[in-house]
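Working notes for the structure below.
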Amino acid sequence: MSELGRYPVRLVLPVQWGEMDAFHHVNNVHYLRWFESARIAYFAAIGVAIELDGAPALRPILARATIDYRAPVTFPDTVTVSATVKSFGTTSFVMGYRLESQTQQRLVAEGDAVIVLLDAAGVKVALTDEVKARIFTLERRA
């Protein structure tokens, strides 16, 4: 088995009434927010700080996001969103997400995101061996 792609970070989130749209299912923007919550939890788990005041050494930014919808989600429900790292580039890495519905007892969406690392000046930086090691450690624990 690969050392990556094990989905070690999982969040359980209640679906809110206000997340539904006029078509009576959760609007697509909320899937991105759920994936974002898992991404930030992943960053916290590997010690990559997301600071609003102050300048962290590394700033991971979202460069691209995709979602494959498998089934609509409606209120009431509870979803489990899971995050992993799937692969590395020189200045980026690809994260994967899975979203499961407790009510439906199945996978309802999957997604990928390209994360680029910037320094405090906003310049792309290479993915360090230290960050890779932290990711491998977290993934191995899953």
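Residue count for region 74-126 under the criterion of being of a type in the set (Phe, Trp, Tyr) and closer than 27 Å to Phe23 by Cα: the result is 2. Quick check: is even one residue across region 105-114 buried (at least 17 other Cβ atoms within 10 Å of the Cβ), of a type outside the set (S, T, N, Q) and farther than 24 Å from Phe136 by Cα? Yes, because at least one residue in region 105-114 is buried (at least 17 other Cβ atoms within 10 Å of the Cβ), of a type outside the set (S, T, N, Q) and farther than 24 Å from Phe136 by Cα.
Please count how many residues of region 90-104 are in a loop (DSSP other than H, G, I, E, B), touching a strand residue (DSSP E or B) at 6+ places or on another chain (Cβ under 6 Å) and not hydroxyl-bearing (Ser, Thr, Tyr). Break it down into steps so the answer makes sense when it comes.
Taking region 90-104 and keeping what is in a loop (DSSP other than H, G, I, E, B), we get 90-91, 102-104.
From what's left, touching a strand residue (DSSP E or B) at 6+ places or on another chain (Cβ under 6 Å): 91, 102.
Applying the additional criterion that residues be not hydroxyl-bearing (Ser, Thr, Tyr) yields 102.
So the count comes out to 1.
Among the residues making up region 114-142, a single one is under 16 Å from the mean Cα position of the chain (by Cα) and acidic (Asp, Glu): Glu139. Close contacts from region 57-79, counting a first residue that is in contact (Cβ under 8 Å) with a residue 60 or more places away in the chain and a second that is buried (at least 16 other Cβ atoms within 10 Å of the Cβ) and of a type in the set (Asp, Glu), with Cβ to Cβ under 9 Å and a gap of 6+ residues or different chains, come to Phe75/Glu19; Val79/Glu100. For the residues Phe23, Phe75, the requirement of being modelled with pLDDT under 95, among the aromatic types (Phe, Trp, Tyr) and either more than 29 Å from Ala120 (Cα to Cα) or crowded, with 16+ Cβ neighbours inside 10 Å (or both) singles out Phe23.
The values are calculated or read from the model by the stated rules, or taken from the named source; none is laboratory data. It should be emphasised that the depicted structure is a prediction, and the values quoted were computed from it without experimental measurement. When we count neighbours, we look across all protein chains shown, and the Cβ atoms used for this are built from the backbone with ideal geometry, even at glycine.
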